[in-house]
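> Below you'll find the structure I mean.
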Ligand code: GLU
C-alpha cells in the first residue's frame, strides 16, 4: 500500500472529502488546505472565550505510523493533520481547532518553499483574525530550523508553537498525542503571547534560538544547551520560568523570492585542507558558515581558504561543531583583520539560515550582520 492509498483510506475512514490535487504535491496541498481547512472541535458553549487554534501539518514522525522498532524505518507523514488532532483525547476541550495540510514530508526534506508557505499562511491567518494561535506539526530532525526561520519573519504576538514526536503513532508509548495536546495548550495560553515562536517537546517549552536536537532516538531528545527550557507544560498547566522579553524583537522581511541565497556549512576536522571551502566559493556561495572546532577554529589552510572567501565578498561566519558555549570575536582567530562574523551561541544550521535571511534582506555590511547575530533573541 503506498502513502497516497494510506492517506486516502485514512480520509475515507474519517469521512473526509479531499480533492485529487491535494494528494499530488506540496503547492496543491497548501492551496487546497488554505481553502479546505476542516473544523475539528467546537465542543464548548462559551465560544467567544475559547481560543481558536490553527494546526498546520507538515509531516514527520508525529504523523508516521509504521513499526516503531523496525530497522528499515517508516514513512513519516502517513496521517493527515486533522486525523492527528482527532486522535488526541480531550484536545477539543482546549480550543476550537482547525487543521490544514501544508506538506507531508520528513523534515529532512523541509525546503525554503514550505517555509514560505508556512509563513504566508500564518500571516494570513493572523491578519484576517482567523486564529489566536498556530501549532505546526513537524519532523524533529529540522524542527529547530523551521522554528528559527519563522521566528525571524513573523511579527505577531500571537503564539506559534512547533511540535513533533520521536516515536510514530503505532509505537508503544508513542509521544505524539501527548506532545500535540501540550502544544495546543501552550498555543492557547495567554502566557505564551509576545514570546515569538516556541517549540514544545516532552513537557518542555523551548525558545527557537537555543533549542537543538541532542539525541537521535530518545524521547528526551531536545534541549537548549546555552539557555535551558524557557517553560514547562503538563496537562494541567503552562509555566514559563523566564519573564516575557522586555525588548521588541527584530523581525526580518520575508523575501519576495522563496529561494533563499546559497549559504554553505563547512564542517571542520583534524587534517583539514581548504578544498571544501574553495569549492563553495567556485560554486557561487554567498555565505559560508564554519562549523568550527572548539570556539570556532579551523586549520591554517582552512582559515586561509576562508580569507579567500571573504576577499571575494562572501560572508564568512564562524560557528562551532560543539554543542554548547559561545564563539566570541577575535578569540584565537583575528576576525577584525580577516573580515569574519561570529555566530555567538547560534549553531551552524541556525547561523546558516540567519545569514541567508540577512543577505536576502540586503544586509551585507559585516558590522550590521554581527550586530544582528547579537540582537536576535
Ligand atoms: N527524519 C524524520 C523527520 O524529521 C523523522 C524524525 C522525526 O520526525 O522525529 O521528519
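The values are calculated or read from the model by the stated rules, or taken from the named source; none is laboratory data. Worth saying up front: this structure is predicted, and the values here are computed from it rather than measured. Virtual Cβ from ideal backbone geometry, glycine too; neighbours counted across all protein chains shown.
> Hey, among the residues in the range 150-183 that are within 12 Å of the chain's Cα centre (by Cα) and within 15 Å of the ligand (Cβ to nearest atom), which one's nearest to residue 221 (Cα to Cα)?
Residue satisfying both the conditions and the ranking: 164.
> Would you point out which residue out of 132, 112 is at pLDDT 95 or above, surrounded by fewer than 20 Cβ atoms within 10 Å (Cβ to Cβ), over 9 Å from the mean Cα position of the chain (by Cα) and more than 20 Å from residue 80 (Cβ to Cβ)?
After applying the criteria, what remains is 112.
> Here is a follow-up. Quick check, is residue 76 at pLDDT below 95, part of a loop (DSSP other than H, G, I, E, B) and either at positive phi or surrounded by 22 or more Cβ atoms within 10 Å (Cβ to Cβ) (or both)? Don't jump to the end; show me each part of the working.
Working: at pLDDT below 95: yes; part of a loop (DSSP other than H, G, I, E, B): yes; either at positive phi or surrounded by 22 or more Cβ atoms within 10 Å (Cβ to Cβ) (or both): yes.
Criteria met by residue 76.
> Does residue 281 count as in a strand (DSSP E or B), in contact (Cβ under 8 Å) with a residue 12 or more places away in the chain and farther than 30 Å from residue 180 by Cα?
no
> Could you look through the range 61-73, keep only residues that are within 12 Å of the ligand (Cβ to nearest atom) and either modelled with pLDDT of 95 or more or surrounded by fewer than 22 Cβ atoms within 10 Å (Cβ to Cβ) (or both), and pick out the one that is farthest from residue 173 (Cα to Cα)?
73
> Hey, any hits in the range 87-101 for a residue that's more than 16 Å from the ligand (Cβ to nearest atom), touching a strand residue (DSSP E or B) at 6+ places or on another chain (Cβ under 7 Å) and at pLDDT below 95?
Scanning the range 87-101 turns up no residue that is more than 16 Å from the ligand (Cβ to nearest atom), touching a strand residue (DSSP E or B) at 6+ places or on another chain (Cβ under 7 Å) and at pLDDT below 95.
> Which residue is surrounded by the fewest Cβ atoms within 10 Å (Cβ to Cβ), if the candidates are limited to the range 243-269 and must be over 20 Å from residue 150 (Cβ atoms) and without any contact (Cβ under 8 Å) to a residue 24 or more places away in the chain?
The residue in question is 246.
Residue-by-condition table, conditions (1) modelled with pLDDT of 95 or more; (2) farther than 24 Å from residue 269 by Cα:
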{"residue": "315", "(1), (2)": "yes, no"}
{"residue": "323", "(1), (2)": "yes, no"}
{"residue": "334", "(1), (2)": "yes, no"}
{"residue": "341", "(1), (2)": "yes, no"}
{"residue": "345", "(1), (2)": "yes, no"}
{"residue": "350", "(1), (2)": "yes, no"}
{"residue": "354", "(1), (2)": "yes, no"}
{"residue": "360", "(1), (2)": "yes, yes"}
{"residue": "374", "(1), (2)": "no, yes"}
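> List the number of the failed condition for residue 285; all other conditions in (1) out of contact with any helix residue (DSSP H, G or I) (no Cβ under 8 Å at 6 or more places or on another chain); (2) surrounded by 20 or more Cβ atoms within 10 Å (Cβ to Cβ) hold.
Of (1) out of contact with any helix residue (DSSP H, G or I) (no Cβ under 8 Å at 6 or more places or on another chain); (2) surrounded by 20 or more Cβ atoms within 10 Å (Cβ to Cβ), only one is false for residue 285: (1).
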